[in-house]
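Engineer: Mind looking over this structure? Questions follow.
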Amino acid sequence: MKTNYLAMAAGLSALLIHTSVSAHGLWQPTPGAALNMEVTTSYRNQGTADGQLWNIPGVLMGGETHGTEKGFSLDSAVIELSYFDNEHVYGIAEVSVHGQHSEVDMEKAYLGALWQQGATQLQLEAGKLSAQFSPQHGKHTNARNFVDQPLAYDALYGGHFNDIGARAILSHAEGRGVGIEVFNGDSYPASNNDNPGAGDIFAFYHLTFDSILLQSRVWYGAYKANDRVDERLTSGDGHSHGVTSTDPSYWFDGDTRTLGLRNKMIWLGWDWAQVNLTAEYMQADIEGTVRDDLRQAKLDSQVDAMWAALEIKRGKHTLALAYDQIQTDNTLLGDAGPALAELSGLNTMSDNPNRFRIAYLQQWQDHLKWSVELHADGSTEDEFNAVLFALRWNGSWP
Amino acid sequence: MKTLHVCAQPMLRAFFTLLFVASLFGLSACNGSSKTTFVLETNSEFSWGLSESTALPIEPDSNPMTEAKFQLGRHLFYDDALSGNGTQSCNSCHEQALGFADGETLPVGSTGQVLARNAQGLLNVAYNSTLTWANSSLLSLEAQIAVPLFGEDPIEHGINDSNEELVLDALRANPLYPDMFAAAFPNDGDPVDMNNVIRSLAVFVRGMVSFETDFDRFQSGDTDALSASAQRGQTLFFSEGLECFHCHGGYNFSDSTADRTMYPAFIERPFHNTGLFNIGGTGDYPSDNTGIFELTGVPSHMGKFRAPTLRNISVTAPYMHDGSMADLEEVIDFYAAGGRNIAAGPNAGDGRLNPFKDSLVNGFSVTPSEKQDLIAFLNALTDESFNTNPRFSDPTE
């Protein structure tokens, strides 16, 4: 974290602390079984991965960050089955298809237990989990205003972070809480760990200032990578977008540490509309070695990623604007640095990768929503503008 | 989600408010420009004459490249005084117009002894991960150059303990050398010695690098640099059917390549048996030329030699380690057959069945026109600028 920003923040924070603050939150699931289904499909006239492997310049990408392609796409199809007994125990399983791939992934399959003592709640979960340090991780396409994830998640988490592990969350009814997650470490940015190789801790807090609801969250994550390859080149599942190589090309060994802040401000001051402002800032420090069959160089990288979104909701209508930006500062030590940077996509471009999007969404029917998005995409050297139309359906039982 | 409405603790309230403000300021943290910085471990003062995108050769710490050493080495390379009887220089077997090969089947040493192996061209020798045809222990030019200078079997330059001082005296007597040695080795009291001779020659030979062929120009985007025939030949060369590129691949057209970007532990030093011989059906090669078996004594190493670069191949005939093939057509026929069958004579045997033959030498089928396409591609690997570059020429002419 850049100390100068924190210092400024500390100075200004006193101005914002209000004496009549109040806060919210405990999870109360409905007992019994439930089935939730979501489908999002879209058409776009241009994508980031048209005929090529998408790589945000300056970033060692991987995981399931496949970019987008021109044409129709099944962006997300999700089936989630959950069961919660009347006491403490619950289980959740979720299968999904994401993006323009054909394979079905088991996104989640875990058991959980919930205890509540007074105003305090303890939640324990184990199995295949979707990380919860930021609520953005658990959000499916259907629940987002924009079909695509923020660039920050593509750059730092391979789209999203799912892995086998366990977590504990301690919440208080006042809306504050802390959590810890420990994972095997087999998902980007971690890979190939014998012992738990990934984990994070997070804390959250909800506040209310008169007509403003503020939801704040901070997290720290650590991920260890051994022999990490860009799985988009080697997975053989049709994700390579015209790149035929099954050669992993390069490997990364090292550590990634991330620090993140998320804030959502909900303003209820207008009768005719609700205004939400969400902002996330993440910083990743990456240290390790990049190598290919012959060469290796030490990498010391800092990635600063941010996104902010403004959302105005009135009845069935939503207007949203979002801006993403990524800044990388890479240092490669060793004579192989230039060659490996070229190979792995670590060379930066003249401008910081960025993207500006506007979306209009309408809840057309109870379970059907349509949207149109305009993108000014500068995530690669080949900047472009695109239009996207999307249809989203969701259903549930009972 | 059920929410409750209660009062918050002042400390936590302050902390999370601080976080909110910090995140807003964090957004502005991306205002700078992205950058990737390279910190190179070795920096060379020497002017290699290569493009920035070309990886530089490994430069030993014990003998850094300097222009003064390069120029001294160049003079020594062409000087007959650098032999026991004053009749032979490096240039005797390494002529620039022939890519620094000699055009002979086998070279002849200063005392008339015929060597067992063909004289190789010297283009980009600095990129070889091992040196000479078959010696897994020769990893530096400094070590290799001592072999022709002082070797006793075969005798090449013929320098030995009895004439070494005479050779050095001859160098001292040349009015050019004292100053050149002093400039090249300014910290040495008496710089005219054999160690510095070897260092200077090594610097000169290491500096003989070039990537200026039609193939390189084509790779750089000049689509007219390769004829249609050569482009078809290129496709054949890099095909799995012919397998050529497995041993003669990479930017230097040899699988025995090293440069300073490579991690030392990853550098490969392979040797291959191509099925030239199979004397008596036991896999043997002629006893004076058994490849790295000569050094290791490992039976499976019989007949294994380093795959040389194919750069300048059109001017470095005859071919193979024993110079036994006169032209490229014969070489292609040999590989198409998957080895050589010698029907009669002391070396009789079917090399195609050599038990130690490399599995990639399986034979293939090409039409006469495809063979011409292959040759057109191999001709496009000729580096005319290297073969005529005054920087590498005899300084006395």
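The values are calculated or read from the model by the stated rules, or taken from the named source; none is laboratory data. Predicted, not measured: the structure shown is a model, and the values here were computed from it. No Cβ is skipped: glycine too gets one built from the backbone with ideal geometry, and neighbour counts run over all protein chains shown. What goes into the accessible areas is simple: the full protein's heavy atoms, side chains included, and nothing from ligands, DNA or RNA. Shrake-Rupley method; radii C 1.70, N 1.55, O 1.52, S 1.80 Å.
Engineer: Determine ³J(HN,Hα), in whole Hz, for all residues of the range B:269-286 in sequence, where each value follows from phi through the Karplus function 6.51 cos²θ - 1.76 cosθ + 1.60 and θ = phi - 60°; x replaces Gly and Pro.
Structural biologist: Per-residue couplings from phi come out as 9, x, 9, 9, 9, 9, x, 6, 9, 6, 4, x, x, 9, x, 5, 10, x Hz.
Engineer: For helix B:328-337, what angle does its Cα long axis make with the longest principal axis of chain B, in degrees from 0 to 90 and rounded to 10?
Structural biologist: Approximately 70 degrees, to the nearest ten.
Engineer: When every alpha-carbon pair in chain B is counted, what percent end up more than 37 Å apart?
Structural biologist: Tail of P(r) above 37 Å: 33 percent of Cα pairs.
Engineer: For every other residue with a beta carbon closer than 11 angstrom to the beta carbon of residue B:360, add +1 if it is Lys or Arg and -1 if Asp or Glu, then tell me the sum.
Structural biologist: Residues close to residue B:360 contribute a combined charge of -3.
Engineer: If ligands, DNA and RNA are left out, what is the accessible area of residue B:58 with a 1.4 Å probe, given in Å² to the nearest 10?
Structural biologist: 80
Engineer: Could you give the distance between the Cα centres of the range B:345-397 and the range A:118-176, to the whole Å?
Structural biologist: Between the Cα centres of the range B:345-397 and the range A:118-176 lies a distance of 61 Å.
Engineer: Enumerate the calculated ³J(HN,Hα) couplings along the range A:38-48 in order (Karplus 6.51 cos²θ - 1.76 cosθ + 1.60, θ = phi - 60°), each rounded to whole Hz, writing x wherever the residue is Gly or Pro.
Structural biologist: So the J values, rounded to whole Hz, are 9, 9, 10, 10, 8, 10, 9, 8, 7, x, 7.
Engineer: Below 25 Å, Cα to Cα, which lysines can residue A:128 reach? Residues fewer than 8 away in the same chain don't count.
Structural biologist: Of all the lysines, those that pass the test against residue A:128 - Cα under 25 Å, at least 8 places apart if same chain - are A:108, A:139, A:224.
Engineer: Per the Cauchy relation, a quarter of the hull surface: what is the mean projected area of the convex hull of the alpha carbons in the range B:67-210, in nm²?
Structural biologist: Computing the convex hull of the Cα atoms and averaging its projections yields 8.5 nm².
Engineer: For every other residue with a beta carbon closer than 13 angstrom to the beta carbon of residue B:314, add +1 if it is Lys or Arg and -1 if Asp or Glu, then tell me the sum.
Structural biologist: Around residue B:314, the surrounding residues sum to -4.
Engineer: Among rounded, prolate and oblate, which fits the range A:20-397 when a ≥ b ≥ c are the square roots of the eigenvalues of its C-alpha gyration tensor, a/c under 1.5 means rounded, and a/b larger than b/c means prolate?
Structural biologist: prolate
Engineer: Between the helical axis of B:141-150 and the dominant principal axis of chain B, each derived from Cα atoms, what acute angle in degrees is found, rounded to the nearest 10?
Structural biologist: The answer is roughly 10 degrees.
Engineer: If one puts a single equal scatterer on every Cα of the range B:324-397 and applies the Debye formula without solvent, what log₁₀ I(q)/I(0) results at q = 0.12, 0.24 Å⁻¹?
Structural biologist: Evaluating at q = 0.12, 0.24 Å⁻¹ gives log10 I(q)/I(0) of -0.54, -1.12.
Engineer: Then there's this: Please give the solvent-accessible surface of residue B:294 in Å², to the nearest 10, using a probe radius of 1.4 Å with every protein chain present.
Structural biologist: In the full protein context, residue B:294 sits at about 100 Å².
Engineer: Another one. To one decimal place, what Kirkwood hydrodynamic radius in Å is obtained for the protein assembly as shown from all pairs of distinct Cα atoms?
Structural biologist: 31.3
Engineer: Let me ask something else about it. Enter the mean projected area of the convex hull around the alpha-carbon atoms of the range B:214-386, in nm², rounded to one decimal.
Structural biologist: Computing the convex hull of the Cα atoms and averaging its projections yields 11.3 nm².
Engineer: Under a Cβ-Cβ cut-off of 14 Å, what is the net charge of the residues other than residue A:348 that fall near it, where Lys and Arg count +1 and Asp and Glu count -1?
Structural biologist: For residues surrounding residue A:348, the net value is -4.
Engineer: In degrees from 0 to 90, rounded to the nearest 10, what is the angle of the helix A:3-16 Cα long axis to the longest principal axis of chain A?
Structural biologist: 10
Engineer: Tell me the accessible surface of residue A:287 in square angstrom (1.4 angstrom probe, heavy atoms of protein chains only), to the nearest ten.
Structural biologist: That residue has around 90 Å² of solvent-accessible surface.
Engineer: Another question about this same structure. Okay, helix-only estimate at 222 nm for the protein assembly as shown: each DSSP H run of n ≥ 4 adds -39500 (n - 2.57), divide by all residues, round to 500 deg cm²/dmol; what do you get?
Structural biologist: Value at 222 nm, helices only, nearest 500: -5500 deg cm²/dmol.
Engineer: Then there is this: Could you state how much accessible area is buried at the A-B interface, both sides summed, with a 1.4 Å probe, in Å² to the nearest 100?
Structural biologist: 5100
Engineer: In the range A:328-348, which residues become less accessible by 10 Å² or more once every protein chain is in place, relative to the chain on its own, using a 1.4 Å probe?
Structural biologist: A:328, A:329, A:330, A:331, A:332, A:333, A:334, A:335, A:336, A:338, A:347, A:348
Engineer: Summarise the accessible area of the range B:214-386 (1.4 Å probe, protein heavy atoms) by the percent that is carbon and sulfur.
Structural biologist: 55
Engineer: Do you know the relative contact order of chain A, to the nearest whole percent, from alpha carbon pairs under 8 angstrom that are 6+ apart?
Structural biologist: Relative contact order of chain A: 16 percent.
Engineer: Quick one: what are the phi-derived ³J(HN,Hα) couplings along the range B:359-370, Karplus 6.51/-1.76/1.60 with θ = phi - 60°, whole Hz, x for glycine and proline?
Structural biologist: 5, 7, 8, 10, x, 7, 10, 9, 7, x, 6, 5
Engineer: Now, a different point. Solvent-accessible area per residue for the protein assembly as shown at a 1.4 Å probe radius, Å²?
Structural biologist: 42
Engineer: Between residue B:137 and residue B:300, what is the FRET efficiency for a Förster distance of 25 Å, r being their Cβ-Cβ separation, to the nearest 0.05?
Structural biologist: After rounding, the FRET efficiency stands at 0.90.
Engineer: Now for a different question. Scattering from the C-alpha atoms of the range A:98-200 alone, worked out with Debye: what is log10 I(q)/I(0) at q = 0.13, 0.15, 0.17 1/Å?
Structural biologist: -0.54, -0.71, -0.88
Engineer: Continuing with the same structure: Separation of the range B:280-333 and the range B:78-109 by C-alpha centroid, Å?
Structural biologist: If you average the Cα positions of each part, the centres end up 21 Å apart.
Engineer: So for chain B, averaging the separation of alpha carbon pairs under 8 Å that are six or more residues apart and normalising by length, what relative contact order in percent results?
Structural biologist: After rounding, I find 20 percent.
Engineer: Still on this structure: Return the whole-Å distance between the Cα centroid of the range B:213-231 and the Cα centroid of the range B:171-193.
Structural biologist: Each part reduced to its Cα centre gives a spacing of 45 Å.
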